[in-house]
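Written below as structure tokens is the structure these notes are about.
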Amino acid sequence: MKFNEVFTSKYLKHSDLNGKKIVVTIADCTVENLKTQAGGTERKFMLSFREDVKPFLLNMTNSAKLVEITGSDDSDDWANLPITLFPTKVLFGQKMVDTIRIEKAPAKTATRPATAVTPAAEQGDDELNF
């Protein structure tokens, strides 16, 4: 059995991404009060998504990135925003650790549908009707 299968989490973690980027849409942002190892509590933003993805706890870096992407420091403005989550490594103290980072989701490109009717000039009809 794999480590991550035994030690599961209700929150999204690096290993849940399987080394791949995912695009998700923020459904809601709430504040969670979490217990610290020292016995105190810590407040963090928690994103929930429209897609079937675990909730994601934001650290300061990812929170600041959402402010940068949206131009708003009000978490109520983050709903309905598509974002990309990607796994990476960062230096934490003197050690490289796995983490998840956020970036702006790529813009969807609109494609022009193929027309069902071919213009008369392309059909071989040389006669012009004015």
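The values are calculated or read from the model by the stated rules, or taken from the named source; none is laboratory data. Nothing here was measured: the structure is a model prediction, and the numbers come from that model. Neighbour counts run over all protein chains shown; Cβ positions are idealised from the backbone, glycine included. The area values use the complete protein model at the heavy-atom level, side chains included, leaving out ligands, DNA and RNA. Shrake-Rupley method; radii C 1.70, N 1.55, O 1.52, S 1.80 Å.
Listed values, structure above:
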read-out: The one condition in (1) under 20 Å from residue 105 (Cβ atoms); (2) without any contact (Cβ under 8 Å) to a residue 12 or more places away in the chain; (3) among the hydroxyl-bearing types (Ser, Thr, Tyr) that residue 36 fails to fulfil; value: (1)
read-out: Every residue from region 50-66 that is in a strand (DSSP E or B) and either of a type in the set (A, V, I, L, M) or open to solvent by 50 Å² or more (accessible area, probe 1.4 Å) (or both); value: 57
read-out: Meets criteria (touching a Pro at 6+ places or on another chain (Cβ under 7 Å) and either farther than 14 Å from residue 79 by Cβ or surrounded by 16 or more Cβ atoms within 10 Å (Cβ to Cβ) (or both)) for residue 31; value: no
read-out: Test for residue 89: is it part of a helix (DSSP H, G or I), of a type in the set (Lys, Arg) and either surrounded by 14 or more Cβ atoms within 10 Å (Cβ to Cβ) or touching a strand residue (DSSP E or B) at 6+ places or on another chain (Cβ under 7 Å) (or both); value: no
read-out: Residue check, residue 95 without any contact (Cβ under 8 Å) to a residue 60 or more places away in the chain and open to solvent by 60 Å² or more (accessible area, probe 1.4 Å); value: yes
read-out: Residue within region 36-49 that is in a loop (DSSP other than H, G, I, E, B) and open to solvent by less than 60 Å² (accessible area, probe 1.4 Å) present; value: yes
read-out: All positions within region 34-50 that are of a type in the set (A, V, I, L, M, F, W, C) and closer than 24 Å to residue 74 by Cα; value: 34, 45, 46, 47, 49
read-out: Residue 23 vs. criteria of a type in the set (Val, Ile, Thr), surrounded by fewer than 17 Cβ atoms within 10 Å (Cβ to Cβ) and not in a helix (DSSP H, G or I); value: yes
read-out: Pairs with Cβ under 6 Å, 6+ apart, first in region 11-22 and within 15 Å of residue 52 (Cβ to Cβ), second hydrophobic (A, V, I, L, M, F, W, C) and surrounded by 16 or more Cβ atoms within 10 Å (Cβ to Cβ); value: 11/57; 12/56; 22/85
read-out: Flag if residue 80 is open to solvent by 70 Å² or more (accessible area, probe 1.4 Å), at pLDDT 95 or above and at positive phi; value: yes
read-out: Qualifying residue in region 85-103 (condition: under 18 Å from residue 49 (Cβ atoms) and modelled with pLDDT under 95); value: no
